[in-house]
Amino acid sequence: MRRFFAIVKVTLLQLIGRRRSIGLLVLSAVPAVILLLVGLNSTDRETEEFFRTGLLFIVLGVTVPIISIILGAGSLGDERSAKTLSYLALRPIRREVIVAAKLVAAWLASFAVAGAGALLTAIVLGYTVGSWDEMLAILVATAITALGFVAATQLLGYITDRAVLIALAYLLIWEGVVTGAASQVASTSIWRMGVSAYAGIVAGDHWGSDAFGLETQVVADLEDLLSGVLPGVWGAVLKVLGLAAVSVAVTAYLMRERDLVA
Amino acid sequence: MTSISPAFVDSPTIEVTELSKWFGQKVAVSNMSCSFGPGITGLLGPNGAGKTTLLRMMAGLSQPSRGELTVLGTNPRRETQVFQKVGLVPEDDAVYEFLTGRRFVEYGAELAGVRNPSSAAEHAITAVGMGEAAERRIEGYSKGMRQRIKVAGALVNDPEVLFLDEPLNGADPVQRVRLIELFHQLAREGRTVIVSSHVLEEVEKMANRVIAMVDGRLAAAGDAAAIRAAFTDIPYRVRIDSDVPRRLGSALLEQDVIRSVEVINDTLHIQTDDLGDLGRMLAPLARDLDIRLTMVQPEDLSLESVFRYLVHGR
């Protein structure tokens, strides 16, 4: 485990460079600023509705994915571009351990940066609406979404220099357009896993057998974002953990089979 | 071009058998068979000869397209435990710029599973003479300092096999002498040290054995003189300084062992097929003619000459 934590520590330092982290922190704070501006000129209910129908998408569908994509792609991509991968790989460590440690580090970095913005957003929401119940849900959803995108992009970062571009295209086309238009594939959407967890925590008690029957205001607000995906924390957790496991297995396999230095 | 044995050593730590590597249509290494043992072996060849590709395969960074390779009896691509006993100094500037030199080396020790990383790092840093700069971040290091901290990072797990790709790049003359002495010390301790370099003078100073590659193939193996001796179709060039070069030249031309004679700036340059015969004949001849010899020096026993013959065939 000492090797695992050594890799995590150095990767965190590598990912959270001064210039990069400032840029990403600014990005993660954008939804909070928007919410603050809206909240100052709206009723509590309008602010709450705006948060659930619009801002939650900006947090879980835009800022958290972008931050996680950049840091996820960098976890192995930075090593590749700095040509330090040999320093890491030519050690008596299983490839799975290297990749898993890198993934954990990228997830922690993403959660630290995106979570700071999400926390700020939750504080603004609590301050304007007067309810602090949703803070935990927002943070859990951020953690789940971050892990999903880090897992998806770490592999890309290992195999191509254009990982961030490819992942952003995926985010726009698949996550943004396709899964929104076709509810049959909406469950593959990573950011909706985060929304699903959020919904599971916030409205779990209200979600009855007629889940989309607009029984509660929360349900009604989130229906469009979920696009047919059932709410639930554990389902979302299992999905992103599965994605992370596949990502680690495939990346470790490629690390063994492909040349480490081009 | 002549292919020369021995490409193999008695007690190999690394064995390369019919090894090939190609990238698409380009063949980088073709059917290489050789072995490496304790001591310093120079991997020599012009740019594009395939020496870095071979080094990377031996270090486990690159997968052979065909053939077999074992390092300390195991396949480095399959058995990562072998890296407990292997160190690599890559040609690339492969350092974590945001770490201090000490942390960089300690990290290597932690990754290698060394029992006491701090003490191992201190030992390796001292060995490369980086003690004073160890607390500074690598981003502020000169090229030579980066090179030395990479060497420390490769030494920190006390490797039995050390791969060095252009290890003296950027090092100043004092650092070069120190690093070469360090590599000799490692070789004396019974470690296998493989140095890839395009600087012949460096290889000559470091290596007592050379594996020469041309166009991805094994071109020659052995020490420089042994490789040179195998070029039987190319006469040796010898410089002879004397008080009367022209008279000596005329006398030498009558000897069977001499192929040609040339006097340039009062210095005699001859070509001979046999250095031994020349040596046996020259002194008595000079004595008979009452000629004083001031210097007799073979001109093409150096690695540079050998290299020229290997690459250009002349």
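For the range B:201-216, state whether one or more residues are more than 30 Å from residue B:53 (Cβ to Cβ) and modelled with pLDDT under 90. Within the range B:201-216 (the criterion being more than 30 Å from residue B:53 (Cβ to Cβ) and modelled with pLDDT under 90), the answer is no, since none of the residues qualifies.
Against the numbered list (1) part of a helix (DSSP H, G or I); (2) within 9 Å of chain A (Cβ to nearest Cβ); (3) within 30 Å of residue B:201 (Cβ to Cβ), residue B:87 comes up short only at (1). Filtered by the rule that a residue be closer than 17 Å to residue A:157 by Cβ, within 14 Å of chain B (Cβ to nearest Cβ) and surrounded by 21 or more Cβ atoms within 10 Å (Cβ to Cβ), the range A:88-108 gives A:88, A:89, A:98, A:99, A:101, A:102, A:105.
Considering only the range A:131-142, I want to know if a residue exists there that is within 14 Å of another protein chain (Cβ to nearest Cβ) and either part of a helix (DSSP H, G or I) or crowded, with 22+ Cβ neighbours inside 10 Å (or both). No, the range A:131-142 contains no residue that is within 14 Å of another protein chain (Cβ to nearest Cβ) and either part of a helix (DSSP H, G or I) or crowded, with 22+ Cβ neighbours inside 10 Å (or both).
Can you run down the residue pairs with Cβ atoms below 6 Å, 6 or more apart or on separate chains, where the first is in the range A:8-20 and closer than 15 Å to residue B:110 by Cβ and the partner is surrounded by fewer than 18 Cβ atoms within 10 Å (Cβ to Cβ)? Close Cβ pairs (under 6 Å, with a partner that is surrounded by fewer than 18 Cβ atoms within 10 Å (Cβ to Cβ)) amount to A:13/B:98. Filter the range B:110-141 down to residues that are touching a Ser or Thr at 6+ places or on another chain (Cβ under 8 Å) and crowded, with 19+ Cβ neighbours inside 10 Å and give me whichever is farthest from the other protein chains (Cβ to nearest Cβ). It comes out as B:134.
Being at the interface with another protein chain (Cβ under 9 Å from one of its Cβ atoms), within 28 Å of residue B:128 (Cβ to Cβ) and among the β-branched types (Val, Ile, Thr) narrows it down to one of B:80, B:13, so name that one.
Criteria check complete, one pass: B:80.
Checking the structure you have, find out if any residue of the range B:21-30 is surrounded by fewer than 19 Cβ atoms within 10 Å (Cβ to Cβ), touching a Gly at 6+ places or on another chain (Cβ under 7 Å) and free of Cβ contacts under 8 Å to residues at least 40 places away in the same chain. Taking every residue of the range B:21-30 in turn, none turns out to be surrounded by fewer than 19 Cβ atoms within 10 Å (Cβ to Cβ), touching a Gly at 6+ places or on another chain (Cβ under 7 Å) and free of Cβ contacts under 8 Å to residues at least 40 places away in the same chain. Filtering B:252, B:164, B:168 for residues that are part of a strand (DSSP E or B), crowded, with 18+ Cβ neighbours inside 10 Å and of a type outside the set (Asp, Glu) leaves a single hit, B:164.
The values are calculated or read from the model by the stated rules, or taken from the named source; none is laboratory data. Everything quoted here is computed from the prediction, not taken from an experiment. Don't worry about glycine lacking a Cβ; one is built from the backbone with ideal geometry, like all the others, and counts go over all protein chains shown.
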